[in-house]
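Before any comments, here is the structure.
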């Protein structure tokens, strides 16, 4: 892990201060609640990370952004971070090519102590964002962990779905949809498959 997780008490205090000062929103330019659509501008947001720092999608304009919804207790997330180096291999392959990876934990999964423990155990080197109220999950219609979204340098959503094509909690699939999406977009191509069905642990929706 490239950066140590800060003391938990300090992190929780920083996150609480952030949430009190800056309500989390996901809005379109017109001010209405945003909804993600392939081929349209991705809903903008600002969320606190485990270290209490704010991370906004707009700050990464000009780069490819991967959003990965995670849960600390989901075996399907562990499949790609613990039992197999799926995400680590992707980060290595696309290192230095303008790709930003952000994890998002929503609602009950946005638990700092459990997330911090998993981030350390899995060796995560990218920010883990806390979507406590599920506002951003709702905007993106994220309904499983992992559910992955790929946003192009212009801020347009280009892919939504699973990481790969094997729905088991252990075995990596033969086709990595995220790798295909990133390679195609970096080469200036057009994705043939923009949506797949994400598999994993369900994200509770707002009722």
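Values quoted throughout were computed directly from the atomic coordinates according to the rules given, and no laboratory measurement underlies them. Keep in mind it's a predicted model, so treat the numbers as computed, not measured. Neighbour counts run over all protein chains shown; Cβ positions are idealised from the backbone, glycine included.
General observations
- The order of 203, 38, going from fewest to most other C-beta atoms within 10 Å of their C-beta, is 38, 203.
- Zone residues, the range 163-189, relative to residue 82, backbone N less than 18 Å from point 7 Å out along Cα-to-Cβ: 168-172
- Note that the range 86-207, at 25 °C in a medium of 0.890 mPa s, gets a Stokes-Einstein diffusion coefficient of 160 µm²/s from its Kirkwood radius over C-alpha pairs.
- Taken over the alpha carbons of the range 8-202 as equal point scatterers, the Debye sum produces base-10 log I(q)/I(0) values at 0.11, 0.15 Å⁻¹ of -0.45, -0.87.
- Efficiency of FRET from Cβ geometry, residue 61 and residue 204, R₀ 35 Å, rounded to 0.05: 0.70
- A simple spin-label model places pseudo-atoms 7 Å from Cα toward Cβ; at residue 92 and residue 156 they are separated by 3.3 nm.
- With the gyration tensor restricted to C-alpha atoms of the range 29-105, the semi-axes of the equivalent ellipsoid amount to 24, 16, 13 Å, longest first.
- Computed from the C-beta positions of residue 120 and residue 143, the FRET efficiency with R₀ = 22 Å rounds to 0.20.
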